Amino acid sequence: DGGITQSPKYLFRKEGQNVTLSCEQNLNHDAMYWYRQDPGQGLRLIYYSQIVNDFQKGDIAEGYSVSREKKESFPLTVTSAQKNPTAFYLCASIPGTGNVYGYTFGSGTRLTVV
Amino acid sequence: ILNVEQSPQSLHVQEGDSTNFTCSFPSSNFYALHWYRWETAKSPKALFVMTLNGDEKKKGRISATLNTKEGYSYLYIKGSQPEDSATYLCARTLGSNYQLIWGAGTKLIIKP
């Protein structure tokens, strides 16, 4: 079955540590997105990528980095510069731009700072 | 103001009853309105994407309407069932920009 796979499901980070969240899709979708969810708030966009080797900052990109070396993969690194990284992270994709397509989401990664 | 507002924040409905909730958004620069359903421990699933004023879409017992001039969309659930329990998210796009602005969701709990 086609879909988006996020791993790990749960991740614990120590202070000052960088961690990478994986997002892989086999849908042949062009565009991929990373969102962050905090309690009581809407999803907020961290980074997005429309094509391989290109990505753009979203609303809350500070303290995060991404890469898009392959169409199917869009990993997110939470760096030590992100002061409040504890949150639920969702990866999503759509076939192309123009946004009349519904997003396909992964099942998320819950990151906790310990 | 770019915010998408959803109301109510949470809703308890008796099984078998029908219900509806609201997504409000700024009417300027409208491109599309999305509805998603997010069950606990699962990934959000797209329900509807609507683009035209007056659009009505239906999927089984769930339907949605769109008023782009006044900036709101309603989601209706007819004859609620326990499996309808979920958080319902709406999001809008700005112009032709593919970024979505998300509401905080309406959490629906169906009481047996």
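The values are calculated or read from the model by the stated rules, or taken from the named source; none is laboratory data. As the structure is a prediction and not an experimental result, all values here were calculated from the model. Cβ coordinates were reconstructed from backbone atoms using ideal geometry, including for glycine residues, and neighbour counts include every protein chain displayed. Side chains included, ligands, DNA and RNA excluded: accessible areas come from the protein's heavy atoms. Shrake-Rupley method; radii C 1.70, N 1.55, O 1.52, S 1.80 Å.
Points to keep in mind about this one:
- Averaged over the residues of A:36-42, the number of partner chain Cβ atoms lying within 10 Å of the residue Cβ comes to 4.
- Considering only alpha-carbon pairs that sit under 8 angstrom and 6 or more positions apart, the relative contact order computed for chain B is 37 percent.
- Separation between Cα centres of the range A:1-58 and the range B:1-64, rounded to whole Å: 23 Å
- Rel. contact order, % - alpha carbon contacts under 8 angstrom, at least six apart, chain A: 35 percent
- Choice from A:95, A:75, A:39 with maximal GNM fluctuation in chain A (Cα, 10 Å cutoff): A:39
- Put a plus charge on the Cβ of each Lys and Arg, a minus charge on the Cβ of each Asp and Glu, and nothing anywhere else: the dipole of the protein assembly as shown about its Cα centre is then about 220 debye.
- Protection proxy ranking, peptides A:107-113, B:25-31, average beta carbon neighbours within 10 Å, highest first: A:107-113, B:25-31
- Here's the picture: charge each Lys and Arg Cβ at +1 and each Asp and Glu Cβ at -1 in the protein assembly as shown, and of B:99, B:80, A:94 the one pushed furthest to the positive end of that dipole is B:80.
- Note on the range A:16-111: Rg/Rh from Cα positions, Kirkwood definition for Rh, rounded to two decimals, is 0.94.
- Rounded, prolate or oblate (a/c below 1.5 giving rounded, otherwise prolate when a/b exceeds b/c) for chain B by Cα gyration tensor: prolate
- Ranked packing of A:79-92, B:11-24, most packed first, by mean Cβ within 10 Å: A:79-92, B:11-24
- Of the listed residues A:71, B:107, A:14, the order by accessible area with a 1.4 Å probe, largest first, is A:14, B:107, A:71.
- Of A:71/B:59; B:59/B:107; A:57/B:69; A:9/B:111, those spanning more than 21 Å from alpha-carbon to alpha-carbon: A:71/B:59; A:57/B:69; A:9/B:111
- Computed accessible area, residue B:52, all protein chains, 1.4 angstrom probe, square angstrom: 110 Å²
- Here chain B is assigned +1 on the Cβ of each Lys and Arg and -1 on the Cβ of each Asp and Glu. Its dipole about the Cα centre then comes out at about 200 debye.
- Mean partner shielding of peptide A:100-107, defined as the number of other chain Cβ atoms within 10 Å of each residue Cβ, is 6.
- Among the residues of B:76-88, the average count of other protein chain beta-carbon atoms within 10 Å of the residue beta-carbon is 0.
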